[in-house]
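Each remark here refers to the structure printed beneath this line.
The values are calculated or read from the model by the stated rules, or taken from the named source; none is laboratory data. All figures in this text were calculated on a predicted structure; none of them were measured in a lab. Here the Cβ positions follow ideal geometry from the backbone for every residue, glycine too, while neighbour counts run over all protein chains shown.
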Amino acid sequence: MRGIAFSFVLFLAGYAQGDCSPAKDTSRIAIAGGSITELVYLLKRDSQIIAVDTTSNYPEQTSSLPSIGYVRNLSAEGILSLKPTLILGEHDMGPPEVINQLEKVSVEVKKVEERQSAMGIVAKLECVAAILDVPESETNLIKGNLLVLAKDLYEIKRVSAAGPRVALILSFIDGSPILAGNATSGDGVLDMIGATNVFSDIEGWKPATRESLLSRNPAHLVVTQRGLKAQGGMAGLEKNPALRLTSAVKDGNVYALDGMALLGFGPRTLETAIVLAEKLK
């Protein structure tokens, strides 16, 4: 038991998050990235948010805030018109020329690095809390709750010697499923629970052919709720020529989950990953 505990301590190490120094002025925050928005709400600093991007759809209160566009396709003019004192975003917010333009007009910009792992989420919380100068007395309980979930995921992965064979579908384009390959948030989630991503030999999110799916033949399919809806629900997915002959579909091992909760690598990802692990048993 002590060996397991020591292994978890090692699992915690090495998650420093770059420049997490306190921002100069957090009174008017524009956020680009759904996971960052969730963390700011969790830290009870939402009264300082003046705008969010289109991936920030949780909690429900975000729907009443002005939008600054998609996290990777921001508009400098639109953001500056809102007079933010801080632009706080995920590591991939952009495009780079817009970020450069914002920095040139002396608006503070902070990017929070992302590591697609359970402890990466805990580190992201710590970084956001540090940027917003939230006292440890206010963050300790939140961090403790996330660490409990991270430890649960560590245990799930530890006992998954030969994890279930899974394909994870983000969406569909002209009927072709877009699947999670290596270096994607989908691959990160599957790794967290010790599952085997049958498309880990490809890079990024890629459309899959009928042949590639049949040759890999996943035992389980995970699909975002939005993707499943666009495909016409479960009945539509079961008729999809690229999917219908896989063991996952024939055996009824298809699971639809909220895409942002599963793949956003905010606090909800920990709980959603545990739910998925239970489904894959």
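Some observations on this one:
- Among (1) within 21 Å of Arg115 (Cα to Cα); (2) surrounded by 19 or more Cβ atoms within 10 Å (Cβ to Cβ) - the single one Ala183 does not satisfy: (2)
- Test: Gly89 is at pLDDT 95 or above, assigned by TED's automatic domain parsing to the domain that holds Cys127 and closer than 22 Å to Glu126 by Cα: yes
- Some residue of the range 169-180 being more than 18 Å from Leu243 (Cα to Cα) and not charged (D, E, K, R): no
For (1) at pLDDT below 95; (2) outside the structural domain of Gly264 (by TED's automatic domain parsing); (3) acidic (Asp, Glu); (4) touching a Pro at 6+ places or on another chain (Cβ under 6 Å), each residue gets a yes or a no:
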site	(1), (2), (3), (4)
Ala16	yes, yes, no, no
Pro22	no, yes, no, no
Asp25	no, yes, yes, no
Ser47	no, yes, no, no
Ser67	no, yes, no, no
Asn73	no, yes, no, no
Pro84	no, yes, no, no
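- Residue list for the range 174-205, restricted to those being charged (D, E, K, R) and in contact with a Ser or Thr (Cβ under 9 Å, 6 or more places away or on another chain): Asp187, Asp191, Glu203
- Residue within the range 255-274 that is at pLDDT 95 or above, surrounded by 14 or more Cβ atoms within 10 Å (Cβ to Cβ) and more than 17 Å from the chain's Cα centre (by Cα) present: yes
- Residue match in the range 153-170 (condition: under 17 Å from Gly264 (Cα atoms), assigned by TED's automatic domain parsing to the domain that holds Ser247, touching a Pro at 6+ places or on another chain (Cβ under 6 Å) and surrounded by 17 or more Cβ atoms within 10 Å (Cβ to Cβ)): yes
- Filter pass, Arg158 being in contact with a helix residue (DSSP H, G or I) (Cβ under 8 Å, 6 or more places away or on another chain) and farther than 25 Å from Asp251 by Cβ: yes
- Whichever residue in the range 180-195 is farther than 12 Å from Leu153 by Cα and among the hydrophobic types (A, V, I, L, M, F, W, C) and, among such residues, is modelled with the highest pLDDT: Ala180
- Just one of the listed residues (Ile193, Ile173) is out of contact with any Gly (no Cβ under 9 Å at 6 or more places or on another chain) and assigned by TED's automatic domain parsing to the domain that holds Pro241, namely Ile173.
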